[in-house]
Amino acid sequence: MIQSMTGYGKSVIELPSKKITVEIKSLNSKNMDLNARVPSAYREKELFLRNRISKNLSRGKVDFNLFVELTGESSSSTINEAVVKQYMGQLSEIADCNASELLRMAVRLPDALKTEREEIDDQEFQKITEAVDQALEAINAYRTSEGAALESDFLQRVKNISALLEQVIEMDPQRIENVKERLHKAVSELKESVDQNRFEQELIYYLEKYDITEEKVRLKNHLDYFRETLETHNSNGKKLGFISQEIGREINTIGSKANFAPMQQLVVQMKDELEKIKEQALNVL
């Protein structure tokens, strides 16, 4: 079962004095590209959280956000009384103001408030870790759902290419006869006697040059392999990309050898379906 690299997961936890929200978003990327926004109070735990996310998501351009909203009365900031009193004393010497006005001005000056660094509570961080796990579970469920939609689209595209390949196979005898007729006509227009044995040898050479038997077999095998890869337990977008390249190589070779307009039209349709597969394969984990 394949998974998409596109996903979104969110989890919210309510603590006695805080509301903590965890959001994880991901888009397609060749490798793991994790961008984390964590409040400074939790910065020491950022590496732990990064490793936990990377282990669960493996690939994609991932944005991880940890939001903390204070809902209680507790605050890590307090008034620095000594500094504020010193400011008020200095201000009273240069300004004719009452105490309230002096205080209003003093608290706006540098260092009027002091913030004490809070230690991370183990139980609180355990709750945050659980919230991260819930968000990861949600984003993986999202990725799986998106992957199911991608798989359905892939199977339809592969089915379309297979149907076009069957038309190519049915058309091939007619194409060969067309090549023979054109060669015969070209020779007859020379109005010169031609050695029949030499002509037959040249005809065999050109028929071998235009033969697409191997390409038809390989293309069918690549399409079957693509389907088998979709059914494997682990999602492997890179592998699907490699198989798509091989499918494209065989389609291009058939097109270059076709030398027959109706078959080349089928090749164009196959290329169109393959381009859609390649585009979607970039989103597969």
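Since every read-out is calculated from the coordinates, none of them should be taken as a lab result. Computed from a predicted model, the values in this text were never measured in an experiment. Methodologically, a virtual Cβ is constructed for each residue, glycine included, from the backbone with ideal geometry; neighbour enumeration extends over all protein chains shown.
Annotations
- Complete set of residues in segment 134-186 that are without any contact (Cβ under 8 Å) to a residue 12 or more places away in the chain and acidic (Asp, Glu): GLU166, GLU170, GLU177, GLU181
- Scanning segment 3-35 for residues being touching a helix residue (DSSP H, G or I) at 6+ places or on another chain (Cβ under 9 Å) and farther than 30 Å from HIS233 by Cα gives a total of 6.
- Residues located in segment 243-275, provided they are closer than 11 Å to MET171 by Cβ and either within 22 Å of the chain's Cα centre (by Cα) or of a type outside the set (A, V, I, L, M) (or both): PHE260, PRO262, GLN264, GLN265
- Condition check for LEU103: of a type outside the set (D, E, K, R), under 17 Å from GLU130 (Cα atoms) and touching a helix residue (DSSP H, G or I) at 6+ places or on another chain (Cβ under 8 Å): no
- Considering segment 55-76, and only residues there that are in a strand (DSSP E or B) and more than 19 Å from LYS127 (Cβ to Cβ), the residue that is nearest to the chain's Cα centre (by Cα) turns out to be GLY60.
- Residue in segment 89-109 that is surrounded by 13 or more Cβ atoms within 10 Å (Cβ to Cβ) and under 27 Å from the mean Cα position of the chain (by Cα) present: no
- When segment 213-259 is filtered for residues that are of a type in the set (Asp, Glu) and over 18 Å from GLU275 (Cβ atoms), the ones remaining, listed by number, are GLU214, GLU215, ASP224, GLU228, GLU231.
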